[in-house]
Structure formats: structure tokens, C-alpha cells
1. Only helical DSSP H runs with n ≥ 4 go in: add -39500 (n - 2.57) per run for the chain, normalise by residue count and round the 222 nm mean residue ellipticity to 500 deg cm²/dmol.
2. Build a GNM of the chain with springs between Cα atoms under 10 Å: which of A236, A196, A111 gets the top mean-square fluctuation?
3. Once amide H atoms are placed 1.01 Å from N in the peptide plane, what residues at a sequence separation of 5 or more from V33, or on another chain, have their amide H within under 5 Å of its amide H?
4. Averaging sequence separations of C-alpha pairs under 8 Å and six or more residues apart, then dividing by the length of the chain, give the relative contact order as a whole percent.
5. Quick one: give the max-minus-min coordinate of the C-alpha atoms of the stretch 3-190 along each principal axis, largest first, in Å.
6. About its Cα centre, how strong a charge dipole does the chain have in debye, to the nearest 20, once Lys and Arg get +1 and Asp and Glu get -1 at the Cβ?
7. For the stretch 38-55, in order, what is each residue's ³J(HN,Hα) by Karplus, 6.51 cos²θ - 1.76 cosθ + 1.60 with θ = phi - 60°, in whole Hz (x at glycine and Pro)?
8. Provide the per-residue ³J(HN,Hα) series for the stretch 231-240, in order, calculated from phi with Karplus coefficients 6.51, -1.76, 1.60 and θ = phi - 60°, each as a whole number of Hz, with x at glycine and proline positions.
Amino acid sequence: MKVVGFTFVRNAIKYDYPVLESINSLLPLCDEVVVAVGNSDDGTLALIQGIGSPKIRIVETVWDDSLREGGRVLAVETDKALAAVPADADWAIYLQADEVLHEADYSAIRAGMVRWQDDKTVEGLLLKYRHFYGSYDYVGDSYRWYRREIRIVRPGIGVRSYRDAQGFRRTGDRKLRVKLLDATVHHYGWVKPPAAMQRKQETFNKLWHSDDWVAQHVAPAQEFDYSQVDSLQRFAGTHPAVMVQRLQTQSWQFDHDLSRNRHRFKDRLKQALERITGYRLGEYRNYRLI
């Protein structure tokens, strides 16, 4: 079984992406990892080259900064990395630059890829998500956070990145048929020094919206205000081993009063239904679970 990882990144240092940790969490599962490195102004290319693994193959790209609707440029860059995955790969594992796999989940991921390697009705594998917010001690627990997404796809069948690169579809806009694995992506996109998070908000919203929209909706500030969140839970588990050094060097403080969590009435009803049935009412599913 041949497994290839793929990812994309630009200006990882400026926006404090844990891209090294992300790639290093992929390497044990993969025969090769394709990294599409966009035109950066902060030394990102040298950062990736410095990993020094013979498994890594870098593809240098230039982002089309005129694509400013719906985060489309992120899907374009994802597709560049996916296109570089060798045709003889059985599976391709995708992570974004702020997503990290836990070594405790490697066995479940490997087992899933082996189990469905020859079953062509399975076009992708679905992973669970854990979204950290503010610091490494809290995770989002409201319905604004997606709980599952496709992160392993079968190459060579017309798979492409969808919308803003959150998930994938096949040619013709058809949802992929997928199996759910008992493995969880640790998403650290909302855990950065407040100044870096503010810079990210000001810049990355331009991938979705016009300058006027950003000026109206992203208030100028030196640091991001992490207090503007509806509901969090304290994280009681363990982080991936590749994240240990980053956790130890956290340079800011964030504390959240759990008693001030806010859930809309309809969300409380959904939570009650989910506890009883396991079904999440109204969930966005960019896939067909089989």
C-alpha cells in the first residue's frame, strides 16, 4: 500500500502556523509528503526545507491573490498539491498547515486504509475534529465548529478540493462516499499569539471578502480579542507529541470562565437530541457516509 501526504502553506512564520508539527505528524504514515509552498515573504520555503526528510517533495507555487471570493484560492492551492501526488498511490492524506495528527491514532488510520484499500466504493476516509481556541487548554463545543471532514482520499478518481478547501468532491460536484475512522484531527487554527491572530484575521478575510467588507467587519487592533466566543470546554486529553515544544513555549495567557458559556435555545435542543440518538440535526455534511 502506497500512501502519500499532501499539504500547502504560505507565510507560515508570519502567521505562526504549526506547519512543521503538521508535516511531522504526517511523515510516519506516508511514503512521501508533497508540500506546495506558496510565494512567501517570511522564509517559509527555507523552514520547510529545514525539516530535512527525504520523504518531503516541495512544489513551489504562486498564489492568485485576485481570487477573493469564498476562499477559492485555498482550494486551488490544495489542488496543486493533490495533482503532484503520484498516480500509483493508493491513498492520499491531506492536512492543512494548522492541523496535526495524534500518534495514538496512527494505528486506526493505517487499519482503515488497509481495510478499504481494495474496496473502490470507498472514495475517502472521514476523520473527527477537535478545534482548539484561545490556548491549548480549551476546545470549541458549540455548533459553529464542524466535527468531521474528509482528510484521506483515493487519488486518480477525479477528486478535487471543494470551495475553501475544507473538504473534497469528485468531478461533477458529487459528494465522496466515505467511511468514518476513529481518529481525530487536532486543529490549532485559533491558537496563536494574539498579535499573530489579529494579523491573520486582517489578511485572511481578504481571501473571502472585499477590502470594504474587511474594513467594516474586522476592527483594527494590535491583538485579537479571544473573549468573543460563545462556548468552550476545558481540554482534558493529550496533545500530539510533535506539539510538546510548541506548548512549552506558549507566550500568552488565555482563560475562559466556563460558567459564561452561551448556547442558543435551539442548539441546546440539538445537543439533547444528539445525546439521545447520536444524530446531529442540521449538520453540514460535504460527504456521503456509507
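Each reported figure results from applying straightforward, stated rules to the coordinates on display, with no laboratory input. The shown structure was predicted, so the numbers you read here are calculated from the model rather than taken from an experiment. A quick note on method: Cβ atoms are made from the backbone with ideal geometry, for glycine too, and the neighbour counts reach across all protein chains shown.
1. After summing the helix terms and dividing by residue count, I get -7000 deg cm²/dmol.
2. Checking each option, the largest mean-square fluctuation is seen for A236.
3. For V33, whose amide H was placed from the backbone, the distant partners under 5 Å are G5, I56, R57.
4. Relative CO of the chain lands at 21 percent.
5. 44, 38, 36
6. Using only the charged Cβ atoms, the result is roughly 1240 debye.
7. x, 4, 10, 10, 9, x, 4, 4, 5, 4, 5, 4, x, 4, x, 7, x, 6
8. Per residue, the Karplus-derived 3J(HN,Hα) values read 7, 9, 10, 6, 7, 10, x, 10, 8, x Hz.
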